[in-house]
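Below: the structure, in structure tokens.
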Amino acid sequence: MKIAHDVRSVRRRRIGRAVTHLILLGFVLLAAFPVILVFMNAFKARRAIFSAPLALPTRETFSLVGFETVFSRSNFPIYYLNSVTVVVVAIGFVVFFGAMAAWALSEYTFKGNRFMSIYLAIGIMIPIRIGTVSILRLMVALGLVNTLWSLIFVYTAQGLALTIFILSQFMAQVPRDLKDAARVDGASEYRIFGIVLPVVRPALATVAVFTMIPIWNDLWFPLILAPSGRTKTVILGAQEFLGQFVSDWNSVLAALSLAIIPVLALYLVFSRQLIVGLTKGALKQ
Amino acid sequence: MTVTGNRFRSYIAVFLLPATAIYTMFLIYPLLGSLGLSLQETVGQGGQTQFVGFANFRRLLTNENWAPGFWNALGNNVYFFVIHSLVQNPIGLLLASLLTAGKLRGQNSYRTALFMPTMLSVVIVGFIWQLILSPIWGVAEGFLGALGLENWFKPWLGLRESALTALSLISVWQFYGIPMMLFYTGLIGIPDELIESAYVDGASGWKIFWRLKFPLILPVLGIVTVLTFVGNFNAFDLIYTTQGTLAGPDFSTDILGTYFFRVFFGHQLQLGNPTMGATVATMMFLIILAGVLTYMFAWRRRVETYEM
């Protein structure tokens, strides 16, 4: 009786596990299919794109004509350079300035600490896009329209809020002994900050990845602040190219592939960091 | 040894200065500036403005040239949010609970793959789905055909009655990863002993989920909802990419983000208007603020009492 019951429950658990895998695989397929479809067809001749969209490129159907059009008719290399510049400089500012501010808020008790913490947290929930009209006026006044600096400043301001919030929590966990030992040795507060920074390196990396993705993917601010040919980012460049070449399917698929590859590569490299950061950040709330 | 005392310590100012300066100049100041501009009106050719009180708001909410567009965008935006909440949260919860059910092989690979769409640019996602749903390419039609349902196929993105739903679902496809990850975090945070003791008491997996796990992760639902709310009422890229500035067909996919863009920059049918643009942005600000405050006060308090 007992054994029969056990056999049944083992079987039931096994079926349950199979169903779990089946559902998850189904969703993985749904998540990956559109991207795979684009990659597959980007390397096919026009006729094959339409006659057999679900087939892999074969020797007969293989073609790079889409990529050739993209590279001859648009400036993707420049767009890449612009995107990388904006992302790298903005991330540098966000991480370094954010770490400094987070350190001040988490380490020192001073009048106005609570006010500053709240003030700097406003940007977590209120999207910076709301201020677009004034941002554009400001950039015009500063002569920064159609420069990468306009994007860098906006993204830095936008990224700082969440960064300071997360880093303060990590910095508050740095052991007292470490800091006190340095203070007893007469180290300046700047020196101590320099000692603490490497200790929270994993948190810095997480915050960097976190901030990077929305900057790379943004369309709104490149469209409004820096739409000129010299300052287009990959996403804006791709968006305009796709709009112009709507009926040239080879080029559209090639341009989509070119826009996806860097983010996908970054994601696969940093996914662990990102997910750990996401889970930690959420637990804190 | 905490450094305390009331004397001014310059290093604190030095640490705070760069972040505060950039943040104030490029986020707080423009936010306040936009709110201020919504109370003004452009006069003359030079772009000077004069204070007009709440006249812009009155015009936006009641004038026959403005109000229909605004209410249409607001209504569509609410619909966009409702579809997200109804579809995205159950999918996120289902996937998170499957990922955390027992010791699952390949858990990390599943997680990585399932979160992937969230990393892609909205522009790219919009375009890919536009291709898939396109009657010219026929991929979606082919799939339905394979199931014997080819009659069901319609050019959903081009039809007034289905375009907004289709776009909402595309957006759900992209962003279900966020609720999934947050629910996942909540679920792995539940102590194992709690679950084991329930099993020992003979409770079924189903019962354990609804009676034990679900109440414990209920606070996550609040965070997810407020994040979705802010994201939805600030959305723009998807509609702009797939439907254009005019959010067609016939403005049926117009949401506040695209309406704001049109009012501010103008379009084929109308000149741009910065002060009315700022007025629309201020309405978006108030809506988002209302959502965030509702979460902070009402939801949090209710969940806290529920937990006790």
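Quick one: in region A:159-196, of everything that is of a type in the set (S, T, N, Q) and touching a residue at least 40 places away in the same chain (Cβ under 8 Å), which residue is surrounded by the fewest Cβ atoms within 10 Å (Cβ to Cβ)? The qualifying residue surrounded by the fewest Cβ atoms within 10 Å (Cβ to Cβ) is A:Q169.
Out of A:S72, A:S106, A:S117, A:S134, one residue alone is in a helix (DSSP H, G or I), over 24 Å from the mean Cα position of the chain (by Cα), among the polar types (S, T, N, Q) and facing chain B (nearest Cβ under 9 Å). It is A:S134. Inside region B:41-88, can you point out the residues that are without any contact (Cβ under 8 Å) to a residue 12 or more places away in the chain and hydrophobic (A, V, I, L, M, F, W, C)? Across region B:41-88, the qualifying residues are B:V43, B:L61, B:A67, B:W71, B:V78, B:V82, B:L86. Of the helices (runs of 4 or more DSSP H) lying entirely inside region B:3-114, those carrying at least 1 residues that are within 11 Å of another protein chain (Cβ to nearest Cβ) and at negative phi are B:10-23, B:29-37, B:89-99. Consider region B:115-142 and keep the residues that are facing chain A (nearest Cβ under 7 Å) and not in a helix (DSSP H, G or I). The one that is modelled with the lowest pLDDT is B:W137. Is it the case that some residue within region A:234-241 is farther than 30 Å from A:T69 by Cβ, of a type outside the set (S, T, Y) and assigned to a helix (DSSP H, G or I)? Within region A:234-241 (the criterion being farther than 30 Å from A:T69 by Cβ, of a type outside the set (S, T, Y) and assigned to a helix (DSSP H, G or I)), the answer is no, since none of the residues qualifies.
Of the helices (runs of 4 or more DSSP H) lying entirely inside region B:210-308, those containing at least 3 residues that are farther than 30 Å from B:R59 by Cα span B:214-232, B:300-307. A search for C-beta distances below 7 Å between a residue of region B:241-265 that is of a type in the set (D, E) and any residue that is at pLDDT 95 or above and surrounded by fewer than 18 Cβ atoms within 10 Å (Cβ to Cβ), counting only pairs 6+ apart in sequence or on different chains, returns B:D254/B:N72. Contact map, region B:199-213: residues that are on the phi < 0 side of the Ramachandran plot paired with residues that are assigned to a helix (DSSP H, G or I) and surrounded by 12 or more Cβ atoms within 10 Å (Cβ to Cβ), Cβ distance under 6 Å, separation 6+ or inter-chain. Pairs shown: B:I208/B:A198; B:L212/B:A198. Got at least one residue in region A:197-208 being crowded, with 17+ Cβ neighbours inside 10 Å and over 24 Å from the mean Cα position of the chain (by Cα)? No, the conditions are met nowhere in region A:197-208. The number of residues in region A:72-89 that are of a type in the set (A, V, I, L, M) and either crowded, with 24+ Cβ neighbours inside 10 Å or outside the structural domain of A:A203 (by TED's automatic domain parsing) (or both) comes to 1. A:A182 satisfies every condition listed in (1) closer than 30 Å to A:Y79 by Cα; (2) assigned to a helix (DSSP H, G or I) except (1).
The condition of being touching a helix residue (DSSP H, G or I) at 6+ places or on another chain (Cβ under 7 Å), modelled with pLDDT of 90 or more and facing another protein chain (nearest Cβ under 7 Å) does not hold for B:Y176. Say whether the condition of being under 18 Å from B:A19 (Cα atoms) and among the aliphatic types (A, V, I, L, M) is met by at least one residue in region A:143-150. For region A:143-150, residues under 18 Å from B:A19 (Cα atoms) and among the aliphatic types (A, V, I, L, M): absent. Taking the stated definitions as given, is B:D250 loosely packed, with under 15 Cβ neighbours inside 10 Å and touching a Lys or Arg at 6+ places or on another chain (Cβ under 8 Å)? Yes, satisfied. For region A:91-103, filtered to residues that are more than 7 Å from every other protein chain (Cβ to nearest Cβ) and within 15 Å of B:Y11 (Cα to Cα), the residue that is farthest from the chain's Cα centre (by Cα) is A:A102.
Looking only at region B:248-280, which residues are within 16 Å of the chain's Cα centre (by Cα) and small (G, A, S)? Once the filter is applied, which keeps residues that are within 16 Å of the chain's Cα centre (by Cα) and small (G, A, S), region B:248-280 yields only B:G257.
The values are calculated or read from the model by the stated rules, or taken from the named source; none is laboratory data. These numbers were taken from a predicted model, which means no experiment stands behind them. Quick reminder, even Gly has a Cβ in these numbers, built from the backbone with ideal geometry, and neighbours come from all protein chains shown.
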